[in-house]
Amino acid sequence: MAAEVPVRDNDNPAQRDAVLAAVAAIREDPAAPHLLADLAASGFYSQFHFHRIFARHTGTTPGRFLTALRMQEAKRLLAHTSETVMSVSDRVGYQSLGSFTTQFTRLVGTSPGRFRELVDDLAGHRVAEPDLERARAAESRRLDCELLLPALTGAPSALDGRVSFVGLFNADLPQGGLSGFGIVQGASGTLVEQRPSSGRSEIFLVSLPADAPLVGLAVGGVEDTLVGRGGAAGPGGGPAALHLRAPDPLDPPVVSAAPAVHLRRFLEGARPR
């Protein structure tokens, strides 16, 4: 079963501060072991209690958050340095190249070597350059959705000039392959294509300016990014209302490169596979 949607309120600032401190420590040195006992002790919590409040504020466990940050750092190193895969593996805390490659392939959705090729293919292109109509038509089943910006109620034009990439995952984090994928331009009236899947799917979306670098969809780190999350079914079978917001420091990174892998096929001039 998917984890609950993270709580972002300030009903207990001390707990949020403790989780923020743990996340900051993990981000500063993702290669370190970051044992639960150490993370909990820094906030003067028991391991059991800290595990619960961490999941409440981030939507996942400390261990899965650590793994996601390691994969995000590995993607950055593969995309922006010439370090070998073995060196990258060591830099993010893996003693076995085989274990790193297996984990990276499972969570990112492609091998480290293929990820570098993907980055090379997408370099210099912008988000709106792929043939988005053909990419949307690549699936058969569909799910209505509507994008909302609570902070800008009554101003749907705020989403003009943006492209939102919607992924359905059978997991509590945007990792690995997709059970469905869609592209939304603007605020509503578009559809999420959905393949049959078992169990509950979670929707994760990333909204980028249309002129943003396309490689950012694979690697991350694009400015003016909005994010969102929700269940795959709307109330009473109606459209799924997806609320966009600015990223929060407690959001786990979007590790999966599956949306970028999908779009690459619809980018004119990309190297064929």
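The values are calculated or read from the model by the stated rules, or taken from the named source; none is laboratory data. Because the structure is predicted, anything quoted here is derived from the model rather than measured. So basically every Cβ, Gly included, is an ideal-geometry build from the backbone, and we count neighbours across all protein chains shown. Heads up: the accessible areas ignore ligands, DNA and RNA and are worked out on the full protein's heavy atoms, side chains in. Shrake-Rupley method; radii C 1.70, N 1.55, O 1.52, S 1.80 Å.
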Practice task
Would you mind finding the one in A210, A241 that is open to solvent by 20 Å² or more (accessible area, probe 1.4 Å), modelled with pLDDT of 90 or more, of a type outside the set (S, T, N, Q) and over 22 Å from Q175 (Cβ atoms)?
Solution key: A210
Exercise for the section: Find the residue count for the stretch 19-34, including only residues that are part of a loop (DSSP other than H, G, I, E, B) and either closer than 13 Å to T61 by Cβ or touching a strand residue (DSSP E or B) at 6+ places or on another chain (Cβ under 8 Å) (or both). Expected result: 1
Problem - Enumeration of residues in the stretch 67-110 that are without any contact (Cβ under 8 Å) to a residue 40 or more places away in the chain and under 17 Å from the mean Cα position of the chain (by Cα) - result: A74, Q103, F104, T105
Problem - Selection count, the stretch 70-96, where residues are β-branched (V, I, T) and not in a loop (DSSP other than H, G, I, E, B) - result: 2
Exercise for the section: Filter the stretch 20-64 down to residues that are more than 21 Å from the chain's Cα centre (by Cα) and among the charged types (D, E, K, R) and give me whichever is nearest to A171 (Cα to Cα). Expected result: R52
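Does L39 count as open to solvent by less than 40 Å² (accessible area, probe 1.4 Å) and modelled with pLDDT under 95? If you could, list the steps in order and put the result at the bottom.
Values: open to solvent by less than 40 Å² (accessible area, probe 1.4 Å): yes; modelled with pLDDT under 95: yes.
For L39, the condition - open to solvent by less than 40 Å² (accessible area, probe 1.4 Å) and modelled with pLDDT under 95 - is met.
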Exercise for the section: Pull up the stretch 42-52, narrow it to residues that are of a type in the set (A, V, I, L, M, F, W, C) and surrounded by fewer than 21 Cβ atoms within 10 Å (Cβ to Cβ), then point me to the one that is farthest from R27 (Cα to Cα). Expected result: F48
Completion exercise
Flagged in the stretch 247-269 as β-branched (V, I, T) and assigned to a loop (DSSP other than H, G, I, E, B), in numbering order, are V254, V255
Exercise for the section: Give the stretch 81-128 a look and list any residue that's among the acidic types (D, E) and open to solvent by less than 50 Å² (accessible area, probe 1.4 Å), or say none. Expected result: E83, D121
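When you check T67 against the structure, is it assigned to a helix (DSSP H, G or I), closer than 28 Å to F169 by Cα, open to solvent by 20 Å² or more (accessible area, probe 1.4 Å) and of a type outside the set (D, E), yes or no?
On the way: assigned to a helix (DSSP H, G or I): yes; closer than 28 Å to F169 by Cα: yes; open to solvent by 20 Å² or more (accessible area, probe 1.4 Å): yes; of a type outside the set (D, E): yes.
Taking the combined requirement at face value, the residue satisfies it.
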